[in-house]
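J.: Take this structure, written in structure tokens, and hold onto it; I'll ask about it next.
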Amino acid sequence: MFDSPVPVVQGNQYNFKLTFTGDNISGIGLRQRDNPTVGGNLLMGFSTSGFPNATALFVALDDQPWLTGSPGAATVGTPFSFTPTVTDNAVPAISFARAAGTTLPSWLQLNTVTGELSGTPPAPGSTLVTLVGTDAVGRQSTLPVTIVAAPAPVQAVLSGTAGPATAGVLFSFTPTVNADATQPLGFVEAPGTTLPSWLQLNAATGELTGTPPAAGTTTVQIIASNALAGDSAPLTVTIVANAAAPVAVPTLSEWGFALLGLLAAALGGRRLRQRRA
């Protein structure tokens, strides 16, 4: 009989006891069955008259850190979660704790069995937590975890009213966007909206431009979109194009007065020259 071997830690003294019971026990011999590597196994063989080909397996461990991993980005108001990776150098079972001097913020919880850090950041900022993992043979590995919480995305709010337009005259309108909206924004027509051929929408600025061909009213809806914040509520833009102002054309009476004026001026100039002569 022999005791079950316990893991061997590199650099530490190791003791293992073989206990033989029964008859015909004599001539005990030990032999190495293979060559261990760091983090590998060592198979030792032994034999007696009662156990001609018995073996015992020793697990050779190294002292390298076995907690790894880096958390992804966190966002204010969004649940966050990070679980460290445990490498093969660790020996189950493993327990987790925070390192001495590390204080978890009230929004963050540590699962002492899995090592998961989870919670919902209430405000932007950076949080440093040092995890300590302890394995079955008492070895410990530490992992600093930095959680950076970014501000929550802010949805765009569009506002503004288009001024009057005139048929045949270039028209332009750009909506107002709340200053704290998450950038970048892209502008598109709202579902169900089709722009008339004379009107164009700038996808980067939201500007509506074009020249109305005739008097009339055009109503369109546009939205601003961001990949994180989503779509804004539609903004309804009503464009009222007035008829172009008529071009003034002189009437016959107006031409007559103009001609009389020219004739009077000519005659007056002629008389003046005659007197001088």
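The values are calculated or read from the model by the stated rules, or taken from the named source; none is laboratory data. Please read these numbers as outputs of a predicted model, since none were measured by experiment. We place every Cβ from the backbone using ideal geometry, glycine too, and count neighbours over all the protein chains shown.
J.: Out of all the residues in segment 210-226, is one or more of a type in the set (Val, Ile, Thr), part of a strand (DSSP E or B) and within 30 Å of the chain's Cα centre (by Cα)? Even if it seems obvious, please write down each step before you answer.
T.: Of segment 210-226, the ones of a type in the set (Val, Ile, Thr) are 211, 217-220, 222-223.
The next check asks that each one be part of a strand (DSSP E or B); those that pass are 217-220, 222-223.
Then drop every residue that is not within 30 Å of the chain's Cα centre (by Cα), which leaves 222-223.
Yes.
J.: Please specify each residue of segment 88-111 satisfying the condition of being hydroxyl-bearing (Ser, Thr, Tyr) and either exposed (fewer than 13 other Cβ atoms within 10 Å of the Cβ) or touching an Asp or Glu at 6+ places or on another chain (Cβ under 9 Å) (or both). Break it down stepwise before answering.
T.: Quick first cut of segment 88-111, residues hydroxyl-bearing (Ser, Thr, Tyr) only: 95, 102-103, 106.
If the condition is that a residue be hydroxyl-bearing (Ser, Thr, Tyr) and either exposed (fewer than 13 other Cβ atoms within 10 Å of the Cβ) or touching an Asp or Glu at 6+ places or on another chain (Cβ under 9 Å) (or both), then SER95, THR103, SER106 are the ones that fit.
J.: Could you list, in sequence order, all residues of segment 129-148 that are touching a residue at least 24 places away in the same chain (Cβ under 8 Å) and either surrounded by fewer than 18 Cβ atoms within 10 Å (Cβ to Cβ) or of a type in the set (S, T, N, Q) (or both)? Outline the logic, then answer.
T.: Looking only at segment 129-148, we keep the residues that are touching a residue at least 24 places away in the same chain (Cβ under 8 Å), and these are 129-137, 139, 141-143, 145-148.
Within segment 129-148, THR130, VAL132, THR134, ALA136, VAL137, SER141, THR142, THR146, VAL148 qualify.
J.: Using the structure shown, decide if THR182 is β-branched (Val, Ile, Thr) and either in the same structural domain as VAL76 (by TED's automatic domain parsing) or at pLDDT 95 or above (or both).
T.: Details: β-branched (Val, Ile, Thr): yes; either in the same structural domain as VAL76 (by TED's automatic domain parsing) or at pLDDT 95 or above (or both): no.
No.
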